[in-house]
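Trainee: Please find one structure pasted underneath; my questions will follow.
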Amino acid sequence: MVRLITHNLLACHAKNCTSNNFPLQFKDIEIELREAEFNPDFIRGFLPKLEWKALIDAAKQLGDTSLPSEQPEMIDDEFLKNLHHVLLEIHIEEGAMICPNCQHVYPISNGIPNMLLAEHEIG
Amino acid sequence: MLPTPDYSHLSSKDFEDVYEPAEDTFILLDALEQDAHFLRERKPKICLEIGSGSGVVSAFVSSILGGSSALYLATDINQHASQCTLRTARQNKIQIDPLTAHLSDPFSPRLENQVDILIFNPPYVPTPKDEAITGQGTITGAWAGGQDGMSITDVLLSKVQTLLSNTGVFYLVAIKQNDVPAIQRRMLEHFSLNSEVVLQRRAGREHLFVIKFDKA
Ligand SMILES: C[S@@+](CC[C@H](N)C(=O)[O-])C[C@H]1O[C@@H](n2cnc3c(N)ncnc32)[C@H](O)[C@@H]1O
Ligand SMILES: [Zn+2]
């Protein structure tokens, strides 16, 4: 399944596509919400690994605007809970992710993204 | 003893396309269980399994570490395998994010120096080179490893140093014909990665090994 935590780690890897290839843009998305166990330590520990702007943009594309546009300095419980929800509870079931640079389309079906490239697209 | 994750939802129909857990899977589970304490101590945040097949290995790691304390990413080049991995996650009420992908390709550059636990039980059987290439993505590609059984594994080995975090560990399944000492020597010489054989056993015709690598 693709959740925003995973989307935040994916880049286009088609041949010669090495700049402006992140984050992938969502298209024709269907989402499902599924509850996940809240672990504040995990979320806190993951924070430094995130590309914040990419996360905020992706959340907006899915209609979630609960997160501030800059990472706050004061990390409180409410913020961690919102971040938990955005990262782990929104499942992208159908649709596609598109490279902002080369426009390569990575389809998502039954909750699984297909990141494979054709022979001639491999770098 | 931790139980093997439940995969009773997968049928012989699924195993026409997807690798059924076998001796190589189980030696890997045993090696991970033996290291359970060591793995928990390192407080891993990101686990990445390459070639997840049925998904039982990632599900097992999740049961060792606790589902909510890490992100479990799983790639497989076979779409049916990605589906089975997702179903196994649901069956065991845990979260695994499976992707259909070649090795770790879509995670470059974001997972550079980020992977705390990397796992690969690769197609390791020596076959003609074409068989390893044309088999990729099918059930043949689950075991056909080309020259010395190393065609696919070698590609991943060249990326391990880049993927692992400073406290990261990598578990690899191999068989005798892969030349385990040569793999260990190459990883040390080219990438300064230390390694040890953490488990080995004979199963039928195969002499199986689990090798653990780290940056220490
Ligand atoms: C020996 S099976 C192991 C499956 C499972 N991890 C287990 O231990 O039972 C090897 C798996 O690697 C996958 N695989 C082979 N080549 C791959 C590649 N280039 N990228 C990702 N997965 C690959 C196969 O589809 C298969 O599911
Ligand atoms: Zn691209």
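Trainee: Where does the protein assembly as shown land at 222 nm, in deg cm²/dmol rounded to the nearest 500, when only DSSP H runs of n ≥ 4 count, each adding -39500 (n - 2.57), divided by all residues?
Mentor: After summing the helix terms and dividing by the residues of the protein assembly as shown, the value is -8000 deg cm²/dmol.
Trainee: On to the next question. Express as a percent, rounded to the nearest 5, the fraction of DSSP beta bridges in the protein assembly as shown (both residues included) that run antiparallel.
Mentor: Roughly 60 percent of the DSSP beta bridges within the protein assembly as shown come out antiparallel.
Trainee: Can you list which of the GluC sites (Glu not before Pro) found in region A:24-117 are DSSP loop residues with at most 11 other C-beta atoms within 10 Å?
Mentor: Filter output for region A:24-117: A:E35, A:E70, A:E73.
Trainee: What average number of partner chain Cβ atoms lie no more than 10 Å from the Cβ of the residues making up A:17-24?
Mentor: 1
Trainee: If you count, for every residue in B:94-105, the Cβ atoms of partner chains within 10 Å of its Cβ, what is the mean?
Mentor: 6
Trainee: Suppose R0 equals 22 Å; then what is the FRET efficiency for B:F38 and B:V197 from their Cβ-Cβ distance, rounded to the nearest 0.05?
Mentor: 0.90
Trainee: In straight Cα distance, which aspartates and glutamates are under 16 Å from B:K93, not counting same-chain residues fewer than 8 positions off?
Mentor: Result set, ordered by chain and number: A:E35, A:E37, A:E89, B:D6.
Trainee: For the B and A pair, go ahead and give the buried accessible area with a 1.4 Å probe, both sides summed, in Å² to 100.
Mentor: Its buried surface, counting both partners, is about 2500 Å².
Trainee: Among the trypsin sites (Lys or Arg not before Pro) in region B:158-216, which ones are in a DSSP loop with at most 16 other Cβ atoms within 10 Å of the Cβ? Mind listing them?
Mentor: Passing both the DSSP loop test and the Cβ count: B:R205.
Trainee: Quick check: the angle from helix A:52-61's long axis to the longest principal axis of chain A, C-alpha only, nearest 10 degrees?
Mentor: 80 degrees
Trainee: Collect residues whose amide H, placed 1.01 Å from N in the peptide plane, falls under 5 Å from the amide H of B:L71; neighbours closer than 5 in sequence don't count.
Mentor: B:I46, B:C47
Trainee: If you don't mind, there's one more thing I want to ask. Only bridges whose two residues both fall in chain B count here: according to DSSP, what percent of them are antiparallel, nearest 5?
Mentor: 45 percent
Trainee: Next question, about the same structure. Roughly how many Å² is the accessible area per residue of chain B, as a whole number, for a 1.4 Å probe?
Mentor: 41 Å²
Trainee: Mind checking the per residue accessible area of chain A for me, 1.4 Å probe, whole number of Å²?
Mentor: Heavy-atom accessible area per residue stands at 49 Å².
Trainee: Let me ask something else about it. How big is chain A on each of its three principal axes, counting only the C-alpha atoms and giving the largest first in Å?
Mentor: 48, 29, 22
Trainee: Along the Cα→Cβ direction, 7 angstrom out, place labels at B:D179 and B:D30. What is the inter-label distance in nm?
Mentor: 2.7 nm
Trainee: Within 10 Å of each Cβ in peptide B:65-74, how many partner chain Cβ atoms are there on average? Round it to a whole number, please.
Mentor: 4
Trainee: Any chance you could check region A:101-123 for residues losing 50 Å² or more of accessible area when the partner protein chains are in, compared with the chain on its own (1.4 Å probe)?
Mentor: Residues passing the criterion (a loss of at least 50 Å², heavy atoms only) are A:I112, A:L116.
Trainee: While we're looking at this one, here's another question. Against the globular-protein guess of 2.2 N^0.38 Å, express the Cα radius of gyration of the protein assembly as shown as a ratio, rounded to two decimals.
Mentor: 0.96
Trainee: Rank by packing, highest mean first: peptides B:59-70, B:36-47, with packing defined as the count of other Cβ atoms within 10 Å averaged across residues.
Mentor: My ranking of the peptides, most packed first, is B:59-70, B:36-47.
Trainee: Within the protein assembly as shown, what whole-number % of the accessible surface is contributed by carbon and sulfur, with the 1.4 Å probe and all protein chains included in the calculation?
Mentor: 48 percent
Trainee: Give the value in nm², to one decimal: projected area of the alpha carbon convex hull of chain B, averaged over all directions.
Mentor: Answer in nm², one decimal: 10.7.
Trainee: Still on this structure, I have one more. Residue-wise, which Karplus ³J(HN,Hα) couplings in Hz belong to region B:200-216, taking 6.51 cos²θ - 1.76 cosθ + 1.60, θ = phi - 60°, and x for glycine or proline?
Mentor: Residue by residue, region B:200-216 yields 8, 6, 8, 9, x, 7, 9, 9, 9, 10, 10, 10, 10, 10, 8, 8, 4 Hz.
Trainee: Which trypsin sites (Lys or Arg not before Pro) from region A:30-69 combine a DSSP loop assignment with at most 15 other Cβ atoms within 10 Å?
Mentor: Passing sites in region A:30-69 are A:R34.
Trainee: Give the calculated FRET efficiency between B:E112 and B:S12 to the nearest 0.05, with a Förster radius of 30 Å applied to their Cβ-Cβ distance.
Mentor: Taking R0 as 30 Å, the efficiency between B:E112 and B:S12 is 0.15.
Trainee: Now, a different point. Less than 19 Å apart at the alpha-carbon level, and either on another chain or at least 8 residues along: which lysines does that give for B:K43?
Mentor: A:K49, B:K212, B:K215
The values are calculated or read from the model by the stated rules, or taken from the named source; none is laboratory data. Everything numeric in this text was worked out from a predicted model, so none of it was measured. For neighbour counting, all protein chains shown are included, and Cβ atoms are generated from backbone atoms with ideal geometry for every residue, glycine included. Keep in mind that these areas ignore ligands, DNA and RNA; they rest on the heavy atoms of the full protein, side chains included. Shrake-Rupley method; radii C 1.70, N 1.55, O 1.52, S 1.80 Å.
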